[in-house]
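S.K.: Attaching a single structure in structure tokens format; questions to follow.
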Amino acid sequence: MSSISALRDAHIKGLFGDHEGKNESELLRISELKDFLIVQIVKYKKSSITNKDIKIDNLNLNDETLTVHCNSKTRILWNGPNNWLLISINKEVLKEINEKLKETDFAITNLSHSRTIIQIEGKNTKEILKKGCPYNFNELKNNNCLNSVYNGMSVTIDMLEDKPDKIRIFTLRSFGESLYHSITDACLEYGYKNV
Amino acid sequence: MRSQNEFSYGGDATVKRPELNKEVSDKDWDNFVYNRKSLRGKHKELWQHISGCRQWIKVERDTATHEIFKTVKAHEDI
């Protein structure tokens with residue numbers, strides 16, 4: 001069953017902004033992603049378990065700053081020390097998480113229904129991020145992630161590809177429409193296609 | 001380097017809680033809970049990276065110039 005879109009009243013397919021006379025490949029592509037499994041994993045301070053011993057969907061919980069570990073279906077984003085955000089299209093991963101991560105060592109929170117995900121793709125993607133977020137995006141590489149603010153809204157940004165740039169922005173579902181309007185306003189000067 | 005916008009001020013880092021299970025005078029408790037110096041110059045402060053990794057840190061900052069001299073983890077001494 002497909003979940004109800006967080007942006008159903010805002011996201012309309014089509015071409016917008018300064019798109020006339022431009023090839024579609026030059027435009028930014030904006031889409032809303034849904035039906036993802038989103039799980040926050042936090043290891044308790046007093047836990048004696050070493051992260052190397054744990055594998056979720058064949059991926060380690062690594063404590064490397066701003067790093068994403070991924071395979072074709074699952075991405076594990078570093079959110080802070082001993083704190084990760086798991087994003088997956090494979091919902092069976094939740095079962096694996098509950099089996100492998102003990103309640104006494106980890107706090108597991110399913111956030112699947114409480115986030116809005118906006119995906120932006122195109123060569124000017126970083127310019128859109130720079131307009132609302134204070135992070136130095138020239139440093140952001142493929143499979144990097146960060147938590148920051150975009151026009152005052154707390155966001156998690158995940159960089160999937162860099163040729164051309166492709167990123168996902170996660171925010172609280174209740175901020176979804178505001179973030180969407182902030183992003184689409186920032187995209188107007190480049191022209192964008194909602195897909 | 002992260003922007004100051006991502007951080008939230010968390011108070012004076014020099015304030016110490018009166019020891020547990022010991023008598024505390026009203027004045028000492030009052031000083032601990034409410035009374036703070038408003039220093040001009042170097043000041044030790046607690047900050048939280050609230051829009052980032054959510055960790056607490058100690059910062060030595062000049063309250064007049066906003067210059068940051070040193071940062072350490074919250075449990076470490078400056």
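The values are calculated or read from the model by the stated rules, or taken from the named source; none is laboratory data. None of the values given here were measured: they were computed from a predicted structure. As a convention, Cβ positions derive from the backbone with ideal geometry for all residues, glycine included, and neighbour counts pool all protein chains shown. For accessibility, only protein heavy atoms count, side chains too; no ligands or nucleic acids. Shrake-Rupley method; radii C 1.70, N 1.55, O 1.52, S 1.80 Å.
S.K.: Filter the stretch B:1-17 down to the residues that are without any contact (Cβ under 8 Å) to a residue 24 or more places away in the chain and either surrounded by 14 or more Cβ atoms within 10 Å (Cβ to Cβ) or closer than 11 Å to B:Lys44 by Cα (or both) and list them by number.
M.R.: Matches in the stretch B:1-17: B:Ser3, B:Val15.
S.K.: If you don't mind, there's one more thing I want to ask. Looking for whichever is in contact (Cβ under 8 Å) with a residue 60 or more places away in the chain and open to solvent by less than 90 Å² (accessible area, probe 1.4 Å) here; the options are B:Ile57, B:Ile78, B:Ile50. Which one fits?
M.R.: On the way: B:Ile57 fails: in contact (Cβ under 8 Å) with a residue 60 or more places away in the chain; B:Ile50 fails: in contact (Cβ under 8 Å) with a residue 60 or more places away in the chain.
Unique residue meeting the criteria: B:Ile78.
S.K.: For A:Gln40, all conditions in the list (1) assigned to a strand (DSSP E or B); (2) crowded, with 19+ Cβ neighbours inside 10 Å hold save one; what is the number of the exception?
M.R.: (2)
S.K.: Something else now. So, in the stretch A:99-122, exactly how many residues are touching a strand residue (DSSP E or B) at 6+ places or on another chain (Cβ under 7 Å) and under 15 Å from A:Lys43 (Cβ atoms)?
M.R.: Matching residues across the stretch A:99-122 total 7.
S.K.: Right, another one. Do the conditions hold for B:Lys58, that is, is it at pLDDT 95 or above and over 29 Å from A:Leu66 (Cβ atoms)?
M.R.: no
S.K.: Then there is this: State yes or no: is A:Ser48 more than 14 Å from chain B (Cβ to nearest Cβ), assigned to a helix (DSSP H, G or I) and farther than 25 Å from B:His49 by Cβ? Walk me through how you get there before you give the answer.
M.R.: Working: more than 14 Å from chain B (Cβ to nearest Cβ): yes; assigned to a helix (DSSP H, G or I): no; farther than 25 Å from B:His49 by Cβ: yes.
Considered against the rule, which asks whether it is more than 14 Å from chain B (Cβ to nearest Cβ), assigned to a helix (DSSP H, G or I) and farther than 25 Å from B:His49 by Cβ, A:Ser48 comes out as no.
Residues checked against (1) in a helix (DSSP H, G or I); (2) open to solvent by less than 70 Å² (accessible area, probe 1.4 Å); (3) over 26 Å from A:Asp53 (Cα atoms):
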site	(1), (2), (3)
A:Asn90	no, yes, no
A:Thr109	no, yes, no
A:Lys126	yes, yes, yes
A:Asn138	yes, no, yes
A:Lys141	no, no, yes
A:Glu161	no, no, yes
A:Ile167	no, yes, yes
A:Phe170	no, yes, yes
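S.K.: Evaluate the following for B:Val24: is it more than 28 Å from A:Asn82 (Cα to Cα), under 15 Å from the mean Cα position of the chain (by Cα) and open to solvent by less than 70 Å² (accessible area, probe 1.4 Å)?
M.R.: Considered against the rule, which asks whether it is more than 28 Å from A:Asn82 (Cα to Cα), under 15 Å from the mean Cα position of the chain (by Cα) and open to solvent by less than 70 Å² (accessible area, probe 1.4 Å), B:Val24 comes out as no.
S.K.: Among residues belonging to the stretch A:59-100 that are away from every other protein chain (no Cβ under 14 Å) and of a type in the set (Gly, Ala, Ser), point out the one that is farthest from A:Val155 (Cα to Cα).
M.R.: Restricting attention to the stretch A:59-100, the residues satisfying the condition of being away from every other protein chain (no Cβ under 14 Å) are A:59-62, A:68-76, A:86-100.
Subsequent filtering for residues that are of a type in the set (Gly, Ala, Ser) retains A:72, A:88.
On the way: A:Ser72: 23, A:Ser88: 18 Å.
That would be A:Ser72.
S.K.: Just checking, does the stretch A:57-77 include any residue being of a type in the set (Lys, Arg), out of contact with any helix residue (DSSP H, G or I) (no Cβ under 7 Å at 6 or more places or on another chain) and outside the structural domain of A:Ser154 (by TED's automatic domain parsing)?
M.R.: Yes; the residues of the stretch A:57-77 include at least one that is of a type in the set (Lys, Arg), out of contact with any helix residue (DSSP H, G or I) (no Cβ under 7 Å at 6 or more places or on another chain) and outside the structural domain of A:Ser154 (by TED's automatic domain parsing).
S.K.: If only one of A:Ser114, A:Ser182 is of a type in the set (Gly, Ala, Ser), closer than 30 Å to A:Ile49 by Cα and open to solvent by less than 50 Å² (accessible area, probe 1.4 Å), which one is it? Talk me through it step by step, then tell me what you get.
M.R.: Working: A:Ser182 fails: closer than 30 Å to A:Ile49 by Cα.
The match here is A:Ser114.
S.K.: Is it the case that some residue within the stretch B:5-13 is within 14 Å of chain A (Cβ to nearest Cβ), in a loop (DSSP other than H, G, I, E, B) and under 29 Å from A:Asn147 (Cα atoms)?
M.R.: yes
Matching residues to (1) among the charged types (D, E, K, R); (2) modelled with pLDDT of 95 or more; (3) over 30 Å from B:Met1 (Cα atoms); (4) within 17 Å of the chain's Cα centre (by Cα):
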{"position": "A:Lys55", "(1), (2), (3), (4)": "yes, no, yes, no"}
{"position": "A:Asp63", "(1), (2), (3), (4)": "yes, no, no, no"}
{"position": "A:Cys70", "(1), (2), (3), (4)": "no, yes, no, yes"}
{"position": "A:Ile76", "(1), (2), (3), (4)": "no, yes, no, yes"}
{"position": "A:Ile97", "(1), (2), (3), (4)": "no, yes, yes, no"}
{"position": "A:Asn110", "(1), (2), (3), (4)": "no, yes, yes, yes"}
{"position": "A:Asn147", "(1), (2), (3), (4)": "no, yes, no, yes"}
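S.K.: Scan the stretch B:14-36 and tell me whether some residue there is outside any helix (DSSP H, G or I) and under 30 Å from A:Leu77 (Cβ atoms). Lay out the reasoning, then the answer.
M.R.: Restricting attention to the stretch B:14-36, the residues satisfying the condition of being outside any helix (DSSP H, G or I) are B:14-25, B:34-36.
Next, from what is left, pick out any that are under 30 Å from A:Leu77 (Cβ atoms): none.
No - not one qualifying residue is present in the stretch B:14-36.
S.K.: How many residues does the stretch A:161-185 hold that are touching a residue at least 60 places away in the same chain (Cβ under 8 Å) and within 22 Å of A:Gln40 (Cα to Cα)? Explain how you work it out, then say what you get.
M.R.: Keep residues of the stretch A:161-185 that are touching a residue at least 60 places away in the same chain (Cβ under 8 Å), which gives A:168, A:170, A:173, A:176-177, A:179-181, A:183-184.
Within this subset, residues satisfying the condition of being within 22 Å of A:Gln40 (Cα to Cα) are A:168, A:170, A:173, A:176, A:179.
Qualifying residue count for the region: 5.
S.K.: For the stretch A:51-88, enumerate the residues that are closer than 20 Å to A:Ile117 by Cα and in a loop (DSSP other than H, G, I, E, B).
M.R.: Residues satisfying the conditions are A:Leu66, A:Asn71, A:Ser72, A:Lys73.
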